[in-house]
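Notes for the one structure printed next.
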Amino acid sequence: MDIITLKNNHKLLKEYKYELGKIDKGYANRTLYVNVSDNNIMEKPVTQMMKDKFVGGKGFGLWYLWNAVTSETKWNDPENEIVIAGGPVCGITQYAGTGKSLVCSLSPLTDIPIDSNVGGFFGPLLKFSGFDALEIQGKAEKDVIVYIDGNTGVVTIEEAPLEAVDGHVLGEQLTEMYADNEADKRNVAVVTAGTGAEHSRFGLLNFTFYDPRRKVTRLKQAGRGGIGTVFRDKKIKALIVKFSNVKGDLNNPFDQAIINKTGIKYHKEIHDLDSKQNNMRKIGTANIIEVMDAYDLLPVMNYQYGMHPDTQNIKSTVFIEKYITQGVQDGCWYGCSMACAKAADNFELKTGPYKGQKVTVDGPEYENAAGLGSNCAIFDPEGILELNFYCDTYAIDTISFGTATAFAMECYERGIINKEITGGMELNFGNFEAAAELLHQMSRGEGFGVTVGQGINRMKKLFAEKYGADPDFLFDIGMEQKGLEYSEYGSKESLAQQGGYGLTNKGPQHDEAWLIFMDMVNNQIPTFEDKAEALHYFPMFRTWFGLYGLCKLPWNDIVPADNKYTSEPAKVPEHVQNYLDVVYGVTGKKLSVSDMIKESERVYNFQKIFCIRMGKGLRANDRTPYRSMGPVTKEEYESRQERYDSQLKEKVVYDPEGKSTEEKIAVLRKYRENQYELLMDAVYKRRGWNSNAVPKLEHLKYLDMELPELIEVIKDLQ
Amino acid sequence: MTVEDIMKIKKFSYSRIIVKVNDKHIEQEDYAVTVVNDGDDVKMIHLLAGG
Ligand code: SF4
């Protein structure tokens, strides 16, 4: 259908005019509220309290969400919101990784707040259009789009009945519809979900940016926690923002010169060192596929193992040499010299509704290759690319899909579920066709795909209650916690990383802490106190990126040549200073590293108390499946028998000689579970929480976060 | 045994490893010629990676 017909069928529900504004030191100083139930649109001022306590980005998102919901609100209630916010640094073009938005909502998987960090142009263009955040509440009756014209100061809500739902088609349609010409497409950014988000709980949001060299609309994903599911439940088809005339100084920074100077220094580093270090510009995050395999950390067959001989078929060089287009500036915002947003062009699809079409696949990122590939034993690069494409366009989180499919495959192989339950599907490890069919079923809303799309937490209940499976065994092998599927790293041999996953606010995603090398390989954090310090510093430091609109990757996916001579190379001190300089340049705020950590701590503890308010967030919720800690089955133990036997001798002081595998598993388990308990104690203490993981009132005082609504939630839990 | 030999035995293939022998930094081009003796303090620090 042509674009004019699509547009002519829009029905205007509401038009709202606003004054165009000017950004002051990184803040537009107002936010936009849109309710798709009653079509109310309004502006809200950004208060000094919001800036002081929440900074921006994820901080603003969580604050608005807190005020929108009650402890009773469910993800699919109209009160639930989706909040998209950049942050004060978001939108500058002189440093790498400065175009990120944070998206917050109550998650259909976890029932607590989720936050997801995403690239693409929407966040920066929203700010340049006059708003530090966009709050969406309500539920529309029919499919709507929300359009923000930042050139003229008009916001509209329109019924949009005929456009596609799948991300790659809808992104193209709306980019073309709202751009005046080819050159103008760069000024249009679209947020979509996809058909899969309508029938699963782990739907994602696609954020577009137009790629003028490839002449396609590229997609970046706010992947985790099912925000796309909330989006489609609200009957939102898309959000569009248009703003022309992007320039480097639109944030009206406090000191442009220091931003420029810091940026030039960083770009030179990328230019000189990337090819010697992580090769981000050639392959992006997928550079570590073979590294994780070599260190026994790659999830294989639902995290049973950490390496596989067939990994060589999906190692990064295979993607570089055969699929990923090289020599293209793949930044997901202007000025990102790290340029890791790689893509495979002219990829011909073999299955599904777009079979035979040649498409651009955004990826694969490491998580996709590991989750869709090794974890499901699909060691086929084209299989991975195909699943990657369909996950994106259907708006299915690749991580949750990969981990949930791996779980279902293991259940199938162990006879917990069978062909009758899967609707005739042979869900063995390695079966690409079956994995693809699950995805297509999620898109169509039928078959066993819908069951897998409910996530591991709900599959475990179903398999136990309906099919008589052993709930304890399912708990051990089901790699989810708090309702969220694990991301794609094996953590069995790193106690610190077990905490890096288990002691998070939103669930087991590695964006808070990735400590495996520090802990397991380098032995740099041997004591509980050392691990607790790392599990305080890194989650707080990494939270900070989400407050300012920054990407984490430029921090440590390249390091200065002399980084190794610094006292704490893992923290990359020069880059931390760069960030402090950039924030000073934009906002005029002179921060020290401890100020930075304190800013994060405020928001982190706020999110923690938000989780408690919603009925989670306590020690019991930090319990993790045993497979994240150690070998569950005989095969797992015996595959690394030498390692485990020697640990029993050295660490547990237990002689494994003559003992059965089952006995040895039980002794090792007791030891490791106890270690995790001790880790929890140490981490909670370091974070200023009591032994039930509740922030202490004096800690809130230290953070200057004694808000009455927070005290109300935790005062009886002290 | 050289630094390179130890890295092979340990299967250390990651690209960003800081090597120190008795607190002295060893550059990558010297791995093959730096001999490690019994009792030497060898550190092979892998820098953080991932996501
Ligand atoms: S490093 Fe990659 S993900 Fe981050 S901003 Fe740059 S291109 Fe985007």
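The values are calculated or read from the model by the stated rules, or taken from the named source; none is laboratory data. Everything numeric in this text was worked out from a predicted model, so none of it was measured. Here Cβ is always computed from backbone atoms with ideal geometry, including for glycine, and neighbour counts include all displayed protein chains. The protein model used for the area step is the full one, side chains on, heavy atoms only, and it has no ligands, DNA or RNA in it. Shrake-Rupley method; radii C 1.70, N 1.55, O 1.52, S 1.80 Å.
Observations
- Taking label points 7 Å from Cα along the Cα-to-Cβ direction, A:Asp716 and A:Leu678 give a separation of 3.6 nm.
- Relative contact order [Cα under 8 Å, 6+ residues apart], the stretch B:3-46, whole percent: 49 percent
- Modelled FRET efficiency - R0 56 Å, A:Gln326 with A:Ser691, Cβ distances, 0.05 increments: 0.60
- Between A:Asp255 and A:Arg643, the contour length at 0.36 nm per residue exceeds the alpha carbon distance by 134.2 nm.
- Restricting the trypsin sites (Lys or Arg not before Pro) of the stretch A:122-197 to loop positions (DSSP other than H, G, I, E, B) with no more than 13 neighbouring Cβ atoms within 10 Å leaves A:Lys142.
- Average accessible surface area per residue within the stretch A:256-485, 1.4 Å rolling probe, Å²: 34 Å²
- Solvent-accessible area lost on pairing A with B (1.4 Å probe, both sides summed) amounts to about 2000 Å².
- Separation between Cα centres of the stretch A:142-209 and the stretch A:254-284, rounded to whole Å: 32 Å
- Taking Cα centre as origin and charging only the Cβ of basic (Lys, Arg, +1) and acidic (Asp, Glu, -1) residues, the dipole magnitude of the stretch B:3-46 rounds to 300 debye.
- For A:Glu72 and A:Asp184, the FRET efficiency from 1/(1 + (r/R0)^6), where r spans their Cβ atoms and R0 equals 41 Å, is about 0.35.
- Chain A: C-alpha gyration tensor shape, a/c 1.5 cut-off, then a/b vs b/c: rounded
- Here the gap between A:Glu446 and A:Glu657, fully extended at 0.36 nm per residue and compared with their Cα-Cα distance, gives a gain of 70.8 nm.
- The overall shape of the stretch A:3-242, judged from the alpha-carbon gyration tensor, is rounded, with an a/c ratio under 1.5.
- A simple spin-label model places the labels of A:Lys358 and A:Glu426 3.4 nm from each other, with each point 7 Å out along Cα-to-Cβ.
- Working from label points 7 Å from Cα in the Cα-to-Cβ sense, the A:Arg669 to A:Leu162 distance is 6.0 nm.
- Relative contact order, percent, chain A [alpha-carbon distance under 8 Å, six or more residues apart]: 14 percent
- Point-charge dipole on Cβ atoms (K/R +1, D/E -1) for the protein assembly as shown, about Cα centre, debye to 20: 1420 debye
- Since only A:Leu13, A:Gly57, A:Ile3 are under comparison, the one whose Cα sits farthest along the positive direction of the charge dipole of the stretch A:1-69, derived from C-beta charges on Lys, Arg, Asp and Glu, is A:Gly57.
- About the Cα centre, charge dipole magnitude for the stretch A:495-717 (Lys/Arg +1, Asp/Glu -1 at Cβ), debye: 440 debye
- Applying a threshold of 29 Å to the alpha-carbon distances of A:Lys531/A:Lys616; A:Lys276/A:Lys651; A:Lys242/A:Lys482 flags A:Lys276/A:Lys651; A:Lys242/A:Lys482 as lying beyond it.
- Protection-proxy order for peptides A:577-589, A:292-304, A:456-468, A:111-123, each taking the mean of Cβ atoms within 10 Å per residue, highest first: A:111-123, A:292-304, A:577-589, A:456-468
- Computed FRET value (nearest 0.05) for A:Val169 with B:Val35, which takes r as the C-beta separation and R₀ as 60 Å: 0.45
- Three-way shape label, the stretch A:198-316, alpha-carbon gyration tensor, a/c 1.5: oblate
- Of interest is the spacing of the C-alpha centroids, which for the stretch A:598-630 and the stretch A:656-718 amounts to 10 Å.
- Of the cross-linked pairs A:Lys14/A:Lys139; A:Lys58/A:Lys685; A:Lys17/A:Lys127; A:Lys53/A:Lys589; A:Lys492/A:Lys664; A:Lys58/A:Lys598, those separated by over 19 Å at the C-alpha level are A:Lys58/A:Lys685.
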